[in-house]
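The values are calculated or read from the model by the stated rules, or taken from the named source; none is laboratory data. Note that the coordinates shown come from a computational prediction; the quantities given were computed from them, not determined experimentally. Reconstructed Cβ throughout: ideal geometry from the backbone, glycine too, with neighbour counts over all protein chains shown. In case anyone asks, the SASA skips ligands and DNA or RNA and just uses the protein heavy atoms, side chains included. Shrake-Rupley method; radii C 1.70, N 1.55, O 1.52, S 1.80 Å.
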Amino acid sequence: MSTPDSADPTARARDLLGVSRLTNRALSGALHGLHGVDQVGCELRAAALGTRSIKADSKRWAIDLAISMIDLTTLEGADTPGKVRGLATRALVPDPSDPSTPSPAAVCVYGDMVATARETLGDSPIRVAAVATAFPSGRASLPVKLADTKDAIAAGADEIDMVIDRGAFLAGDYLTVFREIVAVKQACTRADGRAARLKVIMETGELVTLDNVRRASWLCMLAGADFIKTSTGKISPAATLPVTLVMLEAVRDWREHTGDMVGVKPAGGIRTSKDAISFLVAVHEVAGEDWLDNQWFRFGASSLLNDLILQRQRMTIGAYSGADYIADDAPSAY
Amino acid sequence: MPTFDYAPAPESRSVVTLAPSYDLFINGEFVDASGGTPFATINPATEETLAMVAEASAADVDRAVKAARTAYTRVWSRMSGADRGKYLYRIARLLQERSREFAVLETLDNGKPIKETRDVDVPLAAAHFFYHAGWADKLEYATLGANPRPYGVVGQVIPWNFPLLMLAWKIAPALACGNTVVLKPAETTPLTALLFAEICQQAELPPGVVNIVTGAGATGQAIVDHPGIDKLAFTGSTAVGKMIAHAIAGTRKKATLELGGKAANIIFDDAPIDQAIEGIVSGIFFNQGQVCCAGSRLLVQESIAEEVVRRFKRRLETLRVGDPLDKNTDVGAINSARQLARITELAAVGEAEGAVRWDTGCPLPKNGFWFRPTVFTEVSQSHRIAQEEIFGPVLSVLTFRTPGEAVAKANNTPYGLSAGVWTEKGSRILWMADQLRAGVIWANTFNRFDPTSPFGGYKESGYGREGGRHGLEAYVRTEVSA
């Protein structure tokens with residue numbers, strides 16, 4: 001199928017769907033025509049991927065890759081400039097005892113903290129991602145969501161993590177979800193023409209079924225998402241392996257369909273190196289190795305970095321160090 | 001960017017202690033064989049000799065049957081069901097405790113991947129003992145008929161594809177129902193049965209309740225022919241199953257036979273496609289396809305055939321073939337040179353008949369018995385590879401147009417052990433299950449086993465059931481009360 005102008009997602013969606021006018025009915029037809037997902041089978045496959053045993057050099061490689069894929073995140077009402085500065089400094093120096101440690105991909109904060117993060121990160125390649133569009137609930141009018149986005153862009157955000165309108169999705173109003181994503185994507189373009197990459201959070205914990213996850217993934221990709229992301233981190237369950245598996249299948253099939261790659265970002269609940277490596281195994285065996293790059297796969301996480309560093313140190317010195325040997329700039333305040 | 005190569009992750013062999021040679025297990029002790037010629041059992045992944053194993057002669061089988069008879073009359077048939085259950089629970093727990101040892105030994109002797117022995121064979125074997133331990137004191141309530149009583153001495157002959165698991169499927173219900181057992185493991189895979197004999201000693205199972213005699217066809221024949229055997233249970237090829245049925249015709253012996261299969265795995269156009277692909281993979285490549293209920297015939301709706309084959313081939317590229325002891329191995333070694341020859345021959349027949357052969361061309365280890373996961377497309381119902389059981393990692397792809405045609409093609413085989421149906425339409429699953437002449441029908445899954453679920457075949461796939469309440473019927477006599 002041809003992909004005419006990806007700058008006009010509506011035209012492209014029309015083309016992909018083979019319709020002259022993009023209606024909710026056309027979208028529903030396409031999304032409901034996707035193959036179903038059998039939950040039991042999907043969970044079995046995820047569990048099987050989780051049993052892969054990644055050792056020695058491959059483990060060392062996977063740990064460094066995982067670190068480089070982290071969107072180091074703080075999204076608390078209690079975030080202060082000090083907390084955000086600490087987090088950004090941690091991104092710059094993830095392990096003071098070993099300068100060879102790679103840096104995370106980005107620091108992810110609320111829009112009003114973008115400038116603070118940007119200032120600390122300076123001209124380092126670490127990006128600043130901002131959550132926007134009335135994160136986490138997304139319950140605001142479109143103008144408010146767009147203002148929220150533009151605000152973050154103006155403050156210097158390189159990436160925007162938006163949320164979809166889950167209410168509209170669950171009500172079957174796919175066109176509204178589509179239009180919002182398209183509008184936010186437009187708002188991601190700066191005055192100089194450069195655009196922030198757009199991650200679209202589906203909040204899979206609220207969509208519940210894997211069929212919904214697959215449909216929402218395709219809807220986001222149709223609307224021009226650069227990344228599809230599982231969760232806000234505010235709803236449980238957040239990023240599970242079966243949900244991420246369905247999303248990886250979706251981006252794989254999307255590329256087959258359109259030739260374009262879309263990134264995947266599981267966020268929330270991934271805390272251990274073992275978990276992270278299981279996700280990387282899934283990326284490798286389901287989407288393919290092209291996705292094994294922080295351009296195409298991210299972890300939204302706050303404490304994961306600590307465990308990855310712990311494991312990394314263990315592989316270097318041959319013994320576990322301990323929490324006191326991991327410099328932590330974002331401990332719990334409570 | 002370097003690729004994500006998984007470093008070798010071999011399970012340690014050190015947990016297993018191999019003796020240079022093994023004797024027969026009769027009357028609770030390991031005893032020398034009389035007369036037979038010891039044979040080697042090898043690791044099919046390397047062709048290294050693991051141990052020498054005694055060959056039981058007819059005289060040895062006679063000793064074993066007598067020991068089983070004595071144990072039956074004096075001890076086991078008089079013991080309360082609750083006490084029999086205690087022994088079975090004990091065996092189940094010991095299997096769990098020594099699960100790693102069993103898993104490694106099974107992989108060494110059979111060639112199947114450690115992830116399968118670790119996650120399927122051994123846990124399921126233990127589960128069968130746990131399940132049947134629970135039945136031992138409740139047989140009266142299993143609606144088997146009035147006054148269910150054991151047969152007496154049961155002769156059991158099991159195959160090499162699931163050595164320990166088939167042992168568990170046979171021994172657990174037999175013992176729960178109060179029978180004693182003479183069991184012969186397959187000649188290429190006797191080691192876990194002999195380790196199980198140690199478990200019987202460790203559990204202090206009364207001597208003679210379980211006897212294990214090793215050997216090949218002649219030993220099996222001696223069991224079948226022995227007049228002291230009350231009941232036979234066999235899992236293996238249809239050809240041998242027929243010989244057994246002939247041999248016991250006209251005698252008082254009963255038999256249950258679990259034989260070959262040529263299962264249809266049926267994919268409708270509304271199937272959950274990614275999971276169906278997984279189901280096709282596990283259906284035919286689980287245990288290198290050496291599974292009697294393997295989904296060796298893929299029946300796919302013609303409208304999606306191309307897509308399914310394309311996705312399936314892509315999935316095969318990620319299968320890891322190699323060292324069975326490596327925890328990341330998906331497909332291990334073929335069990336024997338003989339079986340490899342059989343698979344190779346039938347695959348060549350498929351090509352000669354005009355079907356299109358495809359495999360990934362992945363490298364195979366130098367030593368040992370290996371066969372690449374292989375798929376044949378453009379297969380017709382009249383091709384031999386669509387009719388005969390290959391018992392290897394070879395899938396034949398056929399197409400259908402309507403549900404009726406799918407059923408007709410699925411049933412058009414002398415076998416009838418299992419089938420798989422993939423569709424999101426619940427009513428169609430039920431209709432298909434009703435129409436398919438197969439003992440086990442999986443809906444949106446394949447090759448899943450559970451001790452609570454009966455397993456067995458139609459037509460040339462044998463008779464009798466194993467597992468569940470139905471499986472108990474194979475090991476009890478009932479009477480019509482006057």
When you scan the stretch B:106-143, how many residues do you find that are open to solvent by 20 Å² or more (accessible area, probe 1.4 Å), not in a helix (DSSP H, G or I) and not hydroxyl-bearing (Ser, Thr, Tyr)? 2
Given the condition in contact with a Lys or Arg (Cβ under 8 Å, 6 or more places away or on another chain) and either closer than 19 Å to B:ALA64 by Cβ or away from chain A (no Cβ under 14 Å) (or both), answer yes or no: does some residue in the stretch B:9-16 qualify? yes
Go over the candidates A:LEU31, A:LEU72, A:LEU16, A:LEU27 one by one and state the one that is outside any helix (DSSP H, G or I), open to solvent by less than 40 Å² (accessible area, probe 1.4 Å) and more than 14 Å from every other protein chain (Cβ to nearest Cβ). A:LEU72
Just checking, how many residues over the stretch B:391-406 are crowded, with 18+ Cβ neighbours inside 10 Å and part of a helix (DSSP H, G or I)? 2
Within the stretch B:17-39, considering residues that are assigned to a strand (DSSP E or B) and open to solvent by 50 Å² or more (accessible area, probe 1.4 Å), the one nearest to the other protein chains (Cβ to nearest Cβ): B:SER21
Report, by residue number, each residue of the stretch A:34-47 that is open to solvent by less than 50 Å² (accessible area, probe 1.4 Å) and more than 7 Å from chain B (Cβ to nearest Cβ). A:LEU34, A:ALA46
I need the full set of residues from the stretch B:429-482 which are more than 17 Å from B:GLY295 (Cβ to Cβ), among the basic types (Lys, Arg) and either within 14 Å of the chain's Cα centre (by Cα) or buried (at least 23 other Cβ atoms within 10 Å of the Cβ) (or both), in order please. B:ARG465
State whether one or more residues within the stretch B:145-161 are among the aromatic types (Phe, Trp, Tyr) and over 20 Å from the mean Cα position of the chain (by Cα). yes
If I go through the stretch A:89-99 residue by residue, how many of them are touching a residue at least 40 places away in the same chain (Cβ under 8 Å) and under 22 Å from the mean Cα position of the chain (by Cα)? 3
Near pairs, Cβ below 7 angstrom, 6+ apart or cross-chain, from the stretch B:404-428 (within 13 Å of another protein chain (Cβ to nearest Cβ)) to any residue that is of a type in the set (Phe, Trp, Tyr) and buried (at least 24 other Cβ atoms within 10 Å of the Cβ): B:GLY420/B:PHE446
Counting just the residues of the stretch A:200-216 that are closer than 15 Å to A:THR232 by Cβ and of a type in the set (D, E, K, R), which one comes out most open to solvent (accessible area, probe 1.4 Å)? A:GLU206
Return a yes/no flag: does the stretch B:73-85 have any residue that is of a type outside the set (Gly, Ala, Ser), part of a loop (DSSP other than H, G, I, E, B) and either buried (at least 16 other Cβ atoms within 10 Å of the Cβ) or in contact with a helix residue (DSSP H, G or I) (Cβ under 7 Å, 6 or more places away or on another chain) (or both). yes
Tally up the residues in the stretch B:440-482 that are at pLDDT below 95, in a loop (DSSP other than H, G, I, E, B) and charged (D, E, K, R), please. 1
Is it the case that some residue within the stretch B:254-270 is more than 14 Å from chain A (Cβ to nearest Cβ), closer than 30 Å to B:ALA406 by Cβ and more than 21 Å from the chain's Cα centre (by Cα)? yes
Would you check if there is a residue in the stretch B:333-346 being open to solvent by 60 Å² or more (accessible area, probe 1.4 Å), under 15 Å from B:GLU378 (Cα atoms) and at pLDDT 95 or above? no
In the list B:ALA68, B:ALA56, which residue meets the criterion of being out of contact with any Asp or Glu (no Cβ under 7 Å at 6 or more places or on another chain), more than 14 Å from chain A (Cβ to nearest Cβ) and not in a helix (DSSP H, G or I)? B:ALA56
Output the residue which, of all residues in the stretch B:40-49 that are surrounded by 14 or more Cβ atoms within 10 Å (Cβ to Cβ) and closer than 16 Å to B:ASP323 by Cα, is nearest to the other protein chains (Cβ to nearest Cβ). B:ALA45
Determine which member of the set B:ILE91, B:ILE26 is in contact with a Lys or Arg (Cβ under 8 Å, 6 or more places away or on another chain), among the aliphatic types (A, V, I, L, M) and over 30 Å from A:GLU285 (Cβ atoms). B:ILE26
Kindly provide the set of residues from the stretch A:52-103 that are farther than 17 Å from A:ASP275 by Cα and basic (Lys, Arg), ordered by number. A:LYS83, A:ARG85, A:ARG90
Helices (runs of 4 or more DSSP H) lying entirely in the stretch A:196-289 (those with 2 or more residues that are farther than 22 Å from A:VAL163 by Cα, modelled with pLDDT of 95 or more and acidic (Asp, Glu)): A:241-258
Looking at the structure I just gave you, is A:PRO102 surrounded by fewer than 15 Cβ atoms within 10 Å (Cβ to Cβ) and over 20 Å from A:LYS199 (Cα atoms)? no
Suppose we filter the stretch B:279-308 for residues that are over 21 Å from the mean Cα position of the chain (by Cα) and open to solvent by 20 Å² or more (accessible area, probe 1.4 Å); how many remain? 5
Filter the stretch B:218-246 down to the residues that are open to solvent by 40 Å² or more (accessible area, probe 1.4 Å) and out of contact with any Ser or Thr (no Cβ under 9 Å at 6 or more places or on another chain), then identify the one that is nearest to the other protein chains (Cβ to nearest Cβ). B:SER237
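Condition check ((1) within 11 Å of chain B (Cβ to nearest Cβ); (2) open to solvent by 40 Å² or more (accessible area, probe 1.4 Å); (3) without any contact (Cβ under 8 Å) to a residue 12 or more places away in the chain; (4) under 21 Å from A:ASN212 (Cα atoms)) across all residues:
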| residue | (1), (2), (3), (4) |
| --- | --- |
| A:VAL251 | no, no, no, yes |
| A:LYS265 | no, no, no, yes |
| A:GLY269 | no, yes, no, yes |
| A:LYS274 | no, yes, yes, no |
| A:SER278 | no, no, no, no |
| A:ALA319 | no, yes, yes, no |
Which condition does A:ASP79 not pass, out of (1) in contact (Cβ under 8 Å) with a residue 60 or more places away in the chain; (2) open to solvent by less than 40 Å² (accessible area, probe 1.4 Å); (3) not in a helix (DSSP H, G or I), if it passes all the others? (1)
The correct count of residues that are out of contact with any Cys (no Cβ under 8 Å at 6 or more places or on another chain) and open to solvent by 20 Å² or more (accessible area, probe 1.4 Å) in the stretch A:239-249 is 2
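Matching residues to (1) among the charged types (D, E, K, R); (2) within 14 Å of another protein chain (Cβ to nearest Cβ); (3) within 21 Å of A:VAL243 (Cα to Cα):
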site	(1), (2), (3)
A:TRP61	no, yes, no
A:ILE67	no, no, no
A:GLY86	no, no, no
A:PRO94	no, no, no
A:ASP98	yes, no, no
A:ALA106	no, no, no
A:TYR110	no, no, no
